[in-house]
Amino acid sequence: MDLITATKDLAEICERMAKHPFVTVDTEFLRESTYYPQLCVAQLATEDESVVVDALADGIDLKPFFELMANESVVKVFHAARQDIEIVWHRANLIPHPVFDTQIAAMVLGYGDSVSYDQLVQRITGDALDKSSRFTDWTRRPLSKAQIEYAISDVTHLRDVYRKLKADLEKRGRTDWLSEEMDILTSPDTYRMDPDNAWQRLRTRVRKPKELAVLIEVAAWREREAKARDVPRGRVLKDDLVADIAIQAPTTIERLSSLRSLPKGFERSKWGMEIPDVVKAGLARDPKSLPTIERNKPVQNGSAIVELLKVLLRMTAEKHAVAAKVIATVDDLERLAGDDNADIPALKGWRRDLFGEKALALKSGRLALAIEKGRVSTIEKD
């Protein structure tokens, strides 16, 4: 068990690990006060060794680590990889590849929706992980023995989880299912954040074109400010304030100051002074240039159809031992209820074969639901 604090040692360990078919990877980071996650520690393990890399050590160059992440001959095994990959993307402008995400693999194999790492380890290995160091301050130095042991434990148990899930995927013929999910996870488009698309992250529901136009401009301004100042988006403007500005469209400081969600004194700050001009830029946009907001089409008995689709989804998930969430979300079902050609994952690839075709047949009356011996089943109709 080694703590790596020097570039030379890191290069040597990464050179050895590059000779293995897979390496398990995890990171410890902080992002409470920054726009980008601050990498503090990276832990790695192969079949015969494991190390903790102090990413904050004086003078250390993480280039060997990033080269290992890009090595096409080595599978990088993560659990819930999204934020780990985001860190590598930001620091090295590359996406680790190939990748195996054990959380997604577990969902494909029916372990449940978004199963946690410690739950997965316990179910597969029987071991209970000590998570007492999970919320420690990973920026403080020196790292404690407990922190190092915690970090090592995450990647050493991950080896057993990976071997088990990989074997199960191959046995059940679902390796291609996971490959489709990994293609999305490792796409650069998943991690690029164009300020002009930042509005899509917000859950607010604007109804009028002018509200959408202002929302786009304000969200883009917030994204640029957060990135430039390296602070979380919420430190610039809270989501509810962005929504209020989009709907109320204050074009003067006086109107801005009347918003109830505005922090006291914000309108007098440098950034508050810029908001009216941002709003005006939104109001000046050509409505024809605005993106189309997809809305669920109203459909007769739509709620009843969604409920039937939910039953079919639960039945399908239980029958095939797949987490329902990875097949379709409630939003997917609502869109499917109103549109047989909805652009949703449930109507593509393995999901369509498993669930989507049956869902369309149920909607058209070619498939019926019944209860047989206390269980829901399907009946094909002529």
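The values are calculated or read from the model by the stated rules, or taken from the named source; none is laboratory data. None of these values were measured; they are calculated from a predicted model. So basically every Cβ, Gly included, is an ideal-geometry build from the backbone, and we count neighbours across all protein chains shown. Just the protein is used for accessible areas: all its heavy atoms, side chains included, with ligands, DNA and RNA removed. Shrake-Rupley method; radii C 1.70, N 1.55, O 1.52, S 1.80 Å.
Data for the structure
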| quantity | calculated |
| --- | --- |
| Residues of the range 178-287: accessible area per residue with a 1.4 Å probe, Å² | 56 Å² |
| Partners for residue 19 among lysines (Cα-Cα distance below 21 Å; same-chain residues under 8 apart left out) | 8, 63, 76, 166 |
| Cα Rg, Dmax, the chain, angstrom units | 24.6, 72 |
| Computed label-point distance, nm, for sites residue 252 and residue 281 using a 7 Å Cα→Cβ extension | 2.3 nm |
| Rg/Rg_globular for the range 3-190, with Rg_globular taken as 2.2 N^0.38 Å and Rg from C-alpha atoms | 0.98 |
| Length released on extending from residue 353 to residue 171, taking residue separation times 0.36 nm less the Cα-Cα span | 63.6 nm |
| Largest-first principal axis extents, alpha carbons of the range 100-243, Å | 55, 46, 23 |
| Gain in span if fully extended, residue 128 to residue 203, counting 0.36 nm per residue against the direct Cα distance | 23.3 nm |
| Accessible surface of the range 63-196 [probe 1.4 Å, protein heavy atoms]: carbon and sulfur percent | 46 percent |
| Among beta bridges that DSSP assigns inside the chain, antiparallel share in %, nearest 5 | 65 percent |
| Point-charge dipole on Cβ atoms (K/R +1, D/E -1) for the range 302-380, about Cα centre, debye to 20 | 280 debye |
| Mean accessible surface per residue for the range 310-382, computed with a 1.4 Å probe while every protein chain stays in place, in Å² | 55 Å² |
| FRET efficiency estimate (nearest 0.05) - Cβ-Cβ, residue 292 to residue 183, R0 35 angstrom | 0.85 |
| For q = 0.18, 0.19 Å⁻¹, Debye-computed log10 I/I(0) when each Cα of the range 67-131 counts as one equal scatterer | -0.74, -0.79 |
| Helical segments meeting 24 Å axial Cα length and Kyte-Doolittle -1.0 threshold in the chain (DSSP H) | 145-171, 209-229, 302-320 |
| Stokes-Einstein translational diffusion, the range 197-289 - Kirkwood Rh over all Cα pairs, 1.306 mPa s, 10 °C, in µm²/s | 122 µm²/s |
| Inter-label distance, nm, simple model (7 Å from Cα along the C-beta direction), residue 341/residue 58 | 6.5 nm |
| Hits among lysines - C-alpha to C-alpha of residue 280 under 16 Å, sequence gap 8 or more where chains match | 208, 210 |
| Electrostatic dipole magnitude of the range 1-82 [Cβ: Lys, Arg +1; Asp, Glu -1; Cα centre; debye, to 20] | 320 debye |
